[in-house]
Amino acid sequence: MELIERAVFLDSMQHAFQNVDAGEGHCIFVSGEAGIGKTSLMREFCNMVKNRCNIYQGTCDALFSPRPLAPLYDILLQVWNNLPEYSNDMRERTKLFTEFFFEIKNKEKTSIIVFEDIHWADEATLDFIKFFARRISQLRCLFILTYRDEETHSRHPLKNVLGQLSPDSFSRLKLTPLSRTAVEKMAMEKGYNGEDVYNISGGNPFYVNEILASYSPGVPENIKDSILSVYNRQDEKTKLGSCWLRVSE
């Protein structure tokens, strides 16, 4: 499916990739609300460059007990035939980080490493991100990380990681909602009321597609589930703020 109003973001990623391909490693942190299209953007970009590089992808999960180093182990399964046995001891963890660093450093082709949903990362994964990102300039590697900005409050550990990286080593891309014009055009092509679709969705691509896929009065169940899932993971202060705003309206 064609991505709408994402050309600027793809151009930025292409530019970063060209610099990396020339020998200067870089990190890109892609943020945005749930459903804004971070995964779709990653998929489109990787398809554009897949013949010119190695691509490795890992993800963090919204588990009650997050898997230690989940996205790194996802990628190790793609890089190595057999996973090494490591304990969670700090010395063993450092050994793992270093071996992986040299594995990527010794690759003949440029590498793209994608970590998705790092707002759910455990402490060990955040340690790896900091370790790898601080050394990214030594590699022909583009390190792309996605996260939901509405789930990274001011005291979220990810903020600490970002604050300790060199500004030259990374870029930020914040995905924006679709414009009213784009949503109205999509709705019109389906024969629906574009103003209603935009007012319900706010331009969120996932919400727009869900509404257009099963157009009916009100908010589709998939969207309600998505919103409640995000809401239930907020801290109590944020929840109270949301309730206050709803009452004020």
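Observations, loosely collected:
- Just one of the listed residues (Ala187, Ala124) is open to solvent by less than 10 Å² (accessible area, probe 1.4 Å), under 30 Å from Leu212 (Cβ atoms), outside any loop (DSSP other than H, G, I, E, B) and touching a Leu at 6+ places or on another chain (Cβ under 7 Å), and it is Ala187.
- Within the stretch 147-170, considering residues that are charged (D, E, K, R) and open to solvent by less than 80 Å² (accessible area, probe 1.4 Å), the one nearest to the chain's Cα centre (by Cα): Arg148
- Selected residue (only one of Phe64, Phe143, Phe115, Phe132 is closer than 28 Å to Glu33 by Cβ and free of Cβ contacts under 8 Å to residues at least 12 places away in the same chain): Phe64
- Filter result for Leu10 (within 24 Å of Ser166 (Cα to Cα) and surrounded by 18 or more Cβ atoms within 10 Å (Cβ to Cβ)): no
- Residue-level check: of (1) open to solvent by 60 Å² or more (accessible area, probe 1.4 Å); (2) in contact with a helix residue (DSSP H, G or I) (Cβ under 7 Å, 6 or more places away or on another chain); (3) not small (Gly, Ala, Ser), Leu3 misses just (1).
- Among the residues making up the stretch 193-215, those that are among the small types (Gly, Ala, Ser), part of a helix (DSSP H, G or I) and more than 17 Å from Glu33 (Cβ to Cβ) are Gly194, Ala213.
- Residue match in the stretch 44-52 (condition: in contact with a strand residue (DSSP E or B) (Cβ under 6 Å, 6 or more places away or on another chain), surrounded by 15 or more Cβ atoms within 10 Å (Cβ to Cβ) and in a loop (DSSP other than H, G, I, E, B)): no
- Failed item in (1) under 13 Å from Ile129 (Cα atoms); (2) surrounded by fewer than 17 Cβ atoms within 10 Å (Cβ to Cβ), with Lys174 passing the rest: (1)
- Pick from the stretch 63-89, criterion among the charged types (D, E, K, R) and open to solvent by 90 Å² or more (accessible area, probe 1.4 Å), ranking: modelled with the highest pLDDT: Arg67
- For first residues located in the stretch 8-30 and over 19 Å from Arg135 (Cα atoms), partners that are assigned to a helix (DSSP H, G or I) and open to solvent by 10 Å² or more (accessible area, probe 1.4 Å) and lie 6+ apart or on another chain with Cβ distances below 6 Å form the pairs Val30/Lys38.
- In the stretch 40-62, the residues that are of a type in the set (D, E, K, R) and farther than 18 Å from Leu77 by Cβ: Arg43, Glu44, Lys50, Arg52
- Qualifying residue in the stretch 133-140 (condition: within 30 Å of Phe64 (Cβ to Cβ) and crowded, with 20+ Cβ neighbours inside 10 Å): yes
Results for (1) open to solvent by less than 70 Å² (accessible area, probe 1.4 Å); (2) of a type in the set (A, V, I, L, M); (3) in a helix (DSSP H, G or I); (4) touching a helix residue (DSSP H, G or I) at 6+ places or on another chain (Cβ under 8 Å), shown as yes or no for each residue.
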| site | (1), (2), (3), (4) |
| --- | --- |
| Arg91 | no, no, yes, no |
| Thr98 | yes, no, yes, no |
| Glu103 | yes, no, yes, yes |
| Glu108 | no, no, no, no |
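The values are calculated or read from the model by the stated rules, or taken from the named source; none is laboratory data. Only a predicted model underlies this, so the values are computations on that prediction, with no experimental measurement involved. Virtual Cβ from ideal backbone geometry, glycine too; neighbours counted across all protein chains shown. All accessible areas refer to the heavy atoms of the entire protein, side chains included, with ligands and DNA or RNA removed. Shrake-Rupley method; radii C 1.70, N 1.55, O 1.52, S 1.80 Å.
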